[in-house]
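Structure first, commentary second.
The values are calculated or read from the model by the stated rules, or taken from the named source; none is laboratory data. As the structure is a computational prediction, the values presented were derived from the model and not from experiment. Cβ sites come from the backbone with ideal geometry, for glycine too, and all protein chains shown count toward neighbours. Surface areas here come from the heavy atoms of the whole protein model, side chains and all, with no ligands, DNA or RNA. Shrake-Rupley method; radii C 1.70, N 1.55, O 1.52, S 1.80 Å.
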Amino acid sequence: MLCGNLLGLICSFISFILNIVALVGTYWLRDNGPELLHEGIWQRCTNNTCLKINGKAYIDATRTFILLSSIVLQFAIVSSCLTFYNCNMGRFTASFVASILNLLSGIFLFIALAVYTWEEHLDHLNIPSSSDRYGWAYFLCWTSVGFSCFAAISHYHAHRSIPQTSYESMQEGEEGDNLNDQS
């Protein structure tokens, strides 16, 4: 249980760091041609001149989902830390909550990357070898998806290994019948 929670916390933290670095990175796309172009989801840089990217709906969607993922990952890290204090609310343990939050973060990242990849593919359909255009920040974001999903799995296994207390169910009227029999 402790090992799963520790592994989940470490993977959540790594996913968050990769997510933030990819979010601010300007190497989602690159072109080593004469213009030395590199582009992120916030700005496009050519020959040491960077301009803000505006007006592309798929870029706005990508930004939104990555920011949502970052926010959810922050809550997942807090929940991961709470797993060491055995915070339980009935059947919901901190491990279970951290697992759900990490999974949700991974889904948000996957949606962001699917939208970005699809739209970039459509924009550059006629360019040969367009798969070589993706840069390190793009791949960091995909790696963040993997770490987030691995953290979710680790926390879920830790949640499953927590012993559950069971109580016998009392039938209605049993207590009253026992009191009447004693009198």
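Within the range 58-79, identify whether any single residue is more than 30 Å from Ser154 (Cβ to Cβ) and among the aliphatic types (A, V, I, L, M), and answer yes or no.
To start, the set of residues in the range 58-79 that are more than 30 Å from Ser154 (Cβ to Cβ) comprises 58-60.
Retained after the next criterion (residues that are among the aliphatic types (A, V, I, L, M)): 59.
Checked the range 58-79: at least one residue is more than 30 Å from Ser154 (Cβ to Cβ) and among the aliphatic types (A, V, I, L, M).
Among the residues of the range 84-105, those identified as without any contact (Cβ under 8 Å) to a residue 60 or more places away in the chain and closer than 26 Å to Tyr58 by Cα are Leu101, Leu103, Leu104.
Looking at the range 30-50 only, could you name the residues that are open to solvent by less than 30 Å² (accessible area, probe 1.4 Å) and modelled with pLDDT of 85 or more? Even if it seems obvious, please write down each step before you answer.
Pass one, the range 30-50, residues open to solvent by less than 30 Å² (accessible area, probe 1.4 Å): 33, 37, 39-41, 45.
The answer is Glu39, Gly40, Ile41, Cys45.
This table checks each residue for (1) in contact with a Phe, Trp or Tyr (Cβ under 8 Å, 6 or more places away or on another chain); (2) without any contact (Cβ under 8 Å) to a residue 12 or more places away in the chain; (3) over 15 Å from Gly135 (Cα atoms); (4) not aromatic (Phe, Trp, Tyr).
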{"residue": "Ser15", "(1), (2), (3), (4)": "yes, no, yes, yes"}
{"residue": "Leu18", "(1), (2), (3), (4)": "yes, no, no, yes"}
{"residue": "Trp28", "(1), (2), (3), (4)": "yes, no, no, no"}
{"residue": "Glu39", "(1), (2), (3), (4)": "yes, no, no, yes"}
{"residue": "Trp42", "(1), (2), (3), (4)": "no, no, no, no"}
{"residue": "Asn47", "(1), (2), (3), (4)": "no, no, yes, yes"}
{"residue": "Leu51", "(1), (2), (3), (4)": "no, yes, yes, yes"}
{"residue": "Asn54", "(1), (2), (3), (4)": "no, yes, yes, yes"}
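Working carefully through the options Thr62, Thr143, find the one that is under 26 Å from Leu2 (Cα atoms), in contact (Cβ under 8 Å) with a residue 12 or more places away in the chain and surrounded by 12 or more Cβ atoms within 10 Å (Cβ to Cβ). Steps first, answer last, please.
Values: Thr62 fails: under 26 Å from Leu2 (Cα atoms).
Answer to the check: Thr143.
In the range 76-91, the condition of being among the charged types (D, E, K, R) and either more than 16 Å from Trp136 (Cα to Cα) or assigned to a loop (DSSP other than H, G, I, E, B) (or both) is met by at least one residue.
Here is a yes/no grid of residues against (1) outside any helix (DSSP H, G or I); (2) over 11 Å from the mean Cα position of the chain (by Cα):
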{"position": "Cys3", "(1), (2)": "no, yes"}
{"position": "Leu18", "(1), (2)": "no, no"}
{"position": "Val21", "(1), (2)": "no, yes"}
{"position": "Gly33", "(1), (2)": "yes, yes"}
{"position": "Cys50", "(1), (2)": "yes, yes"}
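Kindly indicate whether any position in the range 147-154 is at pLDDT below 90 and surrounded by fewer than 18 Cβ atoms within 10 Å (Cβ to Cβ). So far as the range 147-154 goes, no, none of its residues is at pLDDT below 90 and surrounded by fewer than 18 Cβ atoms within 10 Å (Cβ to Cβ).
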